[in-house]
Every structure is written in C-alpha cells, then in structure tokens.
1. Rounded, prolate or oblate for the range 1-144? Axes are the square roots of the Cα gyration tensor eigenvalues, ordered a ≥ b ≥ c, and the cut-off for rounded is a/c under 1.5.
2. Determine the dipole magnitude for the chain: charges of +1 sit on the beta-carbon of Lys and Arg, -1 on that of Asp and Glu, nothing else is charged, the reference point is the Cα centre, and the result goes in debye to the nearest 20.
3. As a check on your grasp of the helix formula, calculate [θ] at 222 nm for the chain: sum -39500 (n - 2.57) over DSSP H runs of n ≥ 4, divide by the residue count, round to the nearest 500.
4. Please give the length that would be gained between Glu214 and Arg31 if that part of the chain were fully extended, namely 0.36 nm times their separation in residues minus their C-alpha to C-alpha distance (nm, one decimal).
5. Relative to the present Cα-Cα distance, how much length would full extension add between Ala107 and Ser15 at 0.36 nm per residue of separation?
6. I'd like the Karplus ³J(HN,Hα) series for the range 97-111: coefficients 6.51, -1.76, 1.60, θ = phi - 60°, whole numbers in Hz, and an x wherever there's a Gly or Pro.
7. Please list 3J(HN,Hα) in residue order for the range 165-170, calculated via the Karplus relation 6.51 cos²θ - 1.76 cosθ + 1.60 where θ = phi - 60°; whole Hz, with x for glycine and proline.
8. Can you work out the FRET efficiency for the pair Lys158 and Ser4, with r the C-beta to C-beta distance and R0 = 22 Å, to the nearest 0.05?
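Where a number appears in this text, it was derived from the coordinates with a stated rule and is not lab data. As the structure is a prediction and not an experimental result, all values here were calculated from the model. Every residue, glycine among them, receives a Cβ derived from its backbone with ideal geometry; neighbour counts consider all protein chains shown.
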Amino acid sequence: MTCSFSKKEIEAFFSRLQKLEPEPKSELSYRNPYTLLVAVVLSAQATDKGVNKATAALFPAVDTPEKMVALGEAGLTQYIKTIGLYRGKAKNVIALSRALIESHGSAVPKDRAALEALPGVGRKTANVVLNVAFGEPTIAVDTHIFRVGNRTGLAPGKTPLEVEQKLEQCVPAKFKLHAHHWLILHGRYTCVARKPHCPTCVVRDLCRFADKTEEPPAAKLPARKSAAKKIAVRKPAAKRPRAAR
Ligand code: SF4
C-alpha cells in the first residue's frame, strides 16, 4: 500500500493541524477509563454534546461497573433517554459492566481483542479507549475521519478499516498519538460534510478535493448616502508636481 501524499506533504498536513491545537483532547466528558468507555458506547450515532448532557447527571452518581449494574437497565434508561438508540445502548452498557466485573476485575482492559469482545464495543470504540484512556497511537475512524481521509486524498478508502489502515501506514510516528483528534476536529469544524470551509482551511493547498468551496462573493450593498456626500464634498487632490520632461 502506498501513501497518496508525499512525506513532505504529510508532514506539512499534520504540522499545520498540530499548530492549531497542540494538545487536542476528546470532546466527550468522562472521569476514568470506565466512564470513557460508557461515553463512547453512548456516542454511536449521537453527538458528543448530547452524550455529555446526559452523562453530566449520570457520571457523578455512577462511575464504576458495580454502580452501573446496581442502577440497572431501567435506571440507566432514565438518564440516557435523550440519546438516540438509548434502549439498545442501555442494554449493552449493563452487559459490558457485568462482563468487566466477571472477567476483568472491574477494570477496562488495555487490549483490543478484550475490548472488542465486550457487548456494544466495536473496533472504533476500542480504538478511542486505547488512544484516550491508555495513550496508544490508535486512529479510530469515525464519520469525520472517513470523510476527511477520502476528500483530501490523504487516506482514501471504501470502508473505515481501509481508511484506518492507510492512516496507520502513512501518518508519521510523531503525529500518531494525536492524529485521531486532529482529523476529527478538522472534520467537525472545517472540513464539514455539507459545505466545507475551504477558503479558511489550513491544508487547502495540500488537499486534493476537486470541489473546494470558494469565498462567497462580497455582497453588493447599495451606496450609502453618507458616503456619497463625502465624495461630493471631497477637496480636489493637490496638484502633483509635474514630472520633468
Ligand atoms: S480544502 Fe476544503 S475539502 Fe480540503 S480539507 Fe480543507 S475544508 Fe476539506
């Protein structure tokens, strides 16, 4: 597999994103690896903002698998019913909490296979937990990273796994730990889905997207009366000295 950007281009791409946000953090609120895992499971097809709103009341009261099992599915549902797909998510959170108690001494495992074996935990969730809770240089490909990888030409792929593998291969080691967050932030705030903000994008010259957006044309405003008046009373310009012939 070859990288579509040269080493110089990739270096420039990530250096610029790094300059914007040297120490990027997850926008999900959490208190420990367990609450991070729960928040990521809840965030599937939901916004971080919506999840944070629900967990702001949940996590102060429930921050361990034992407390979650004691709360139970019906109790958890009361906290998270504003989040999409909450019934299935409540079921998974209770089941994964049980599994953590029974098989992992109530701790979140620092291991991809063990994480992915938990109910409701897929590759993306495992990657986020490994990266954010344990500082591993994993790149979880969500909808934003999938779009940015494809649009820019940095890591084109038909599936999230393909994009992840390309990024894995092409992102230099020194950028890997934060690449996940830089790409998410770029996709969330600049390279947005419907109308990307290309005119202000810091990687515009590197990006291969053919349909980059342009600066909107300056609005044609009717001439203001005061301006017209000013022009009318403007003194004639002082005569410039004649150039020597
Ligand atoms: S130039 Fe436009 S399409 Fe390319 S990365 Fe920037 S915002 Fe996205």
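1. It is prolate, given that a/c is not under 1.5 and a/b is the larger ratio.
2. My answer is approximately 2680 debye.
3. Computed ellipticity for the chain at 222 nm equals -16500 deg cm²/dmol.
4. 61.7 nm
5. Taking Ala107 through Ser15 to full extension adds about 29.6 nm, to one decimal.
6. Running phi through 6.51 cos²θ - 1.76 cosθ + 1.60 with θ = phi - 60° gives 5, 4, 5, 5, 5, 6, 10, 10, x, 6, 9, 7, x, 8, 8 Hz.
7. Here the 3J(HN,Hα) series is 5, 5, 5, 3, 7, 9 Hz.
8. The calculated FRET efficiency here is 0.90.
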